[in-house]
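Peer 1: One structure, as structure tokens, below. Some questions next.
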Amino acid sequence: MIGNDIVDLSLAAIQSNWQRPGFLEKQFTKKERDCILNAADSFLQVWLFWSMKEAAYKCYTQQHQKRFFAPQKFECEMTSKNKGIVVFEEKTFYTTTVHNTFYCYTIAQETTIQESFFTAIGLPKTINKNLQQQLQKTTGVLAHTICQRKSSIGAPLYYFKEKQLTKSCSISHHGSYGAFVFTLQNEA
């Protein structure tokens, strides 16, 4: 399974007061809070951890088909500048994060073995169209014949007629940015 999350950093700066009393305590573990408060850029560290948690959550919920809100139970740790792990109930998710002055974007997978995946960042309004165009490139199925269906928890899956094309798919949007990531369904 695969999950993603994107944070528009300009919008986060306007809409979220992460420094308000109780915010960090409700969202982050003590270890994460210490890392945030000691970071050279605490604002960026908050949203980096948040995107890691969200991406891992999306990965987990696709597999277990249940939704819940428990960000503090997903504990993040950076292993390098753009790689990290998120642990939840003894499950480990491996993350890769790209960030710049505009956004923070994370992809999470359950394994360090890189399953082939396809991802893109763009405008929120064009993400579904771009995803279908990428599916056309990778599967040969014409984009206009590909349809999206939602799983029982609302995760997107893409089909051509009754044939499932995506094994796992995650779409994220925030402010001026949208992103998708998917893996292809294995052929039987």
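Peer 1: Residue by residue through the range 112-157, note down the ones that are of a type in the set (Gly, Ala, Ser), surrounded by 14 or more Cβ atoms within 10 Å (Cβ to Cβ) and closer than 24 Å to Lys66 by Cα.
Peer 2: Selection gives Ala155 alone.
Peer 1: Something else now. What about Lys125, is it out of contact with any helix residue (DSSP H, G or I) (no Cβ under 7 Å at 6 or more places or on another chain) and within 15 Å of Tyr177 (Cα to Cα)?
Peer 2: Spelling it out, Lys125 is indeed out of contact with any helix residue (DSSP H, G or I) (no Cβ under 7 Å at 6 or more places or on another chain) and within 15 Å of Tyr177 (Cα to Cα).
Peer 1: Give me a count of the residues in the range 130-152 that are more than 30 Å from Phe102 (Cα to Cα) and either touching a residue at least 60 places away in the same chain (Cβ under 8 Å) or among the hydroxyl-bearing types (Ser, Thr, Tyr) (or both).
Peer 2: Final tally of qualifying residues: 4.
Peer 1: Within the range 76-97, track down each residue that is among the charged types (D, E, K, R) and either in a strand (DSSP E or B) or in contact (Cβ under 8 Å) with a residue 40 or more places away in the chain (or both).
Peer 2: Glu77, Lys83, Lys91
Here's the yes/no breakdown for (1) in contact with an Asp or Glu (Cβ under 7 Å, 6 or more places away or on another chain); (2) over 24 Å from Lys26 (Cα atoms):
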position: Gln45; (1), (2): no, no
position: Phe49; (1), (2): yes, no
position: Arg67; (1), (2): no, no
position: Ala70; (1), (2): no, no
position: Ser80; (1), (2): no, yes
position: Phe88; (1), (2): no, no
position: Tyr94; (1), (2): no, no
position: Gln109; (1), (2): yes, yes
position: Ile121; (1), (2): no, yes
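Peer 1: Suppose we filter Lys73, Lys31, Lys91, Lys66 for residues that are more than 26 Å from Ile153 (Cβ to Cβ) and loosely packed, with under 15 Cβ neighbours inside 10 Å; which single one remains? Write out each step before concluding.
Peer 2: On the way: Lys73 fails: more than 26 Å from Ile153 (Cβ to Cβ); Lys91 fails: more than 26 Å from Ile153 (Cβ to Cβ); Lys66 fails: more than 26 Å from Ile153 (Cβ to Cβ).
Just a single option satisfies the conditions, and that option is Lys31.
Peer 1: Kindly indicate whether Thr106 is surrounded by 19 or more Cβ atoms within 10 Å (Cβ to Cβ) and touching a Leu at 6+ places or on another chain (Cβ under 7 Å).
Peer 2: In short, no.
Coordinate-derived values only; no laboratory data. Because the structure is predicted, anything quoted here is derived from the model rather than measured. Note: ideal-geometry Cβ built from the backbone for every residue, glycine included; neighbour counts use all protein chains shown.
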